[in-house]
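Everything on this sheet refers to the single structure shown next.
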Amino acid sequence: MPRQPMVVGNWKMNGTRAFAVQLTSAIRDGINASTLAGEVLLCPPFPYLELVHGLVQGTAIQIGGQNHADRQNGPCTGEVSASMLRDLGCRAVILGHSERRTLFHESDTLVADKADLALQAGLTPIVCLGETLQQRQEKETLTVIRHQLQPLLPHMANHPQPPDSWILAYEPVWAIGTGQNAQTEQIQEVHAFIRQLLQEEIGSTIASGWRILYGGSVTPGNAADIFSLPDVDGGLIGGASLKADSFLAIIAALSNHR
Ligand code: PEP
């Protein structure tokens with residue numbers, strides 16, 4: 001079955017209520033439903049999820065969270081659970097973003113445990129993987145990716161149904177928010193490596209059905225080339241998802257997926 005490509009907008013900790021209304025409405029009204037070539041997911045900050053959901057209900061746009069807690073419920077002041085995200089209408093959640101790994105010291109194991117909780121709550125985990133600049137310069141990229149994937153594999157084996165059970169996002173840390181996207185050869189090399197590893201560990205039919213997004217300074221100028229790579233199934237977009245025109249142009253580039 002062909003993989004349905006996807007564009008995910010990660011708003012991070014940006015915006016106000018008014019901004020969320022304006023941006024969501026502009027994206028919703030600007031999408032051409034008849035030519036839309038994939039899925040669109042908006043991931044606003046927690047306080048705006050319900051608002052954004054209300055604005056996109058009945059359209060092709062879905063909503064997702066940017067993170068959730070590492071336990072189901074209970075005494076965990078300030079946290080939000082996977083089931084709460086589901087309750088608000090989320091279909092997926094970004095987990096293990098490099099900002100969470102760096103700023104909040106999230107380990108590979110913690111990210112894998114959170115992904116399992118997401119699945120239990122009925123959310124699709126979008127798990128981010130990626131190397132730092134130093135790791136790339138020291139030619140450790142594939143080793144780092146393998147390590148990050150390792151604790152996910154047993155969870156993946158328990159929830160193997162493509163296409164929705166898992167989504168991975170390759171996001172080289174040095175390309176996030178820097179304006180310096182990875183070269184297409186670098187992107188394809190890592191995506192093919194991830195798919196190959198999944199094929200070996202989980203099985204080829206399943207691995208070929210899971211989507212692998214690229215993230216890191218995707219813009220309207222480079223999206224078409226990136227989305228046309230054989231193992232790339234769309235993008236996880238930060239900065240460019242905060243401007244309706246840019247995000248709409250990136251969504252239009254999904255038609256280059258093959
Ligand atoms: C991100 O935050 O996941 C990201 C890819 O950001 P940007 O598009 O701004 O590089």
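The table below gives the values:
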| quantity | calculated |
| --- | --- |
| Within the stretch 96-155, helices (runs of 4 or more DSSP H) holding 1 or more residues that are within 18 Å of the chain's Cα centre (by Cα) | 98-103, 108-120, 141-149 |
| Matching residues, the stretch 1-30, being β-branched (V, I, T) and surrounded by 19 or more Cβ atoms within 10 Å (Cβ to Cβ) | V7, V8, T24, I27 |
| Test: residue in the stretch 153-162 that is modelled with pLDDT of 95 or more and either farther than 20 Å from A182 by Cα or aliphatic (A, V, I, L, M) (or both) | no |
| Matching residues in the stretch 156-183 - criterion: being more than 16 Å from the ligand (Cβ to nearest atom) and assigned to a helix (DSSP H, G or I) | M156, A157, N158 |
| Residue in the stretch 56-64 that is within 16 Å of the ligand (Cβ to nearest atom), within 14 Å of the chain's Cα centre (by Cα) and open to solvent by less than 50 Å² (accessible area, probe 1.4 Å) present | yes |
| Lone qualifier among A33, A92 - being in contact with a strand residue (DSSP E or B) (Cβ under 9 Å, 6 or more places away or on another chain) and among the small types (G, A, S) | A92 |
| Filter result for E171 (charged (D, E, K, R), in contact with a His (Cβ under 8 Å, 6 or more places away or on another chain) and surrounded by fewer than 17 Cβ atoms within 10 Å (Cβ to Cβ)) | no |
| Filtered residue count, the stretch 185-235, keeping only those that are open to solvent by 20 Å² or more (accessible area, probe 1.4 Å), among the acidic types (D, E) and either modelled with pLDDT under 95 or part of a loop (DSSP other than H, G, I, E, B) (or both) | 3 |
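The values are calculated or read from the model by the stated rules, or taken from the named source; none is laboratory data. If you're wondering where the values come from, they're calculated on a predicted model, not measured in any experiment. Ideal geometry is used to build each Cβ from the backbone, glycine not excepted, and the neighbour counts take in all protein chains shown. Note: areas computed on protein heavy atoms with side chains; ligands, DNA, RNA excluded. Shrake-Rupley method; radii C 1.70, N 1.55, O 1.52, S 1.80 Å.
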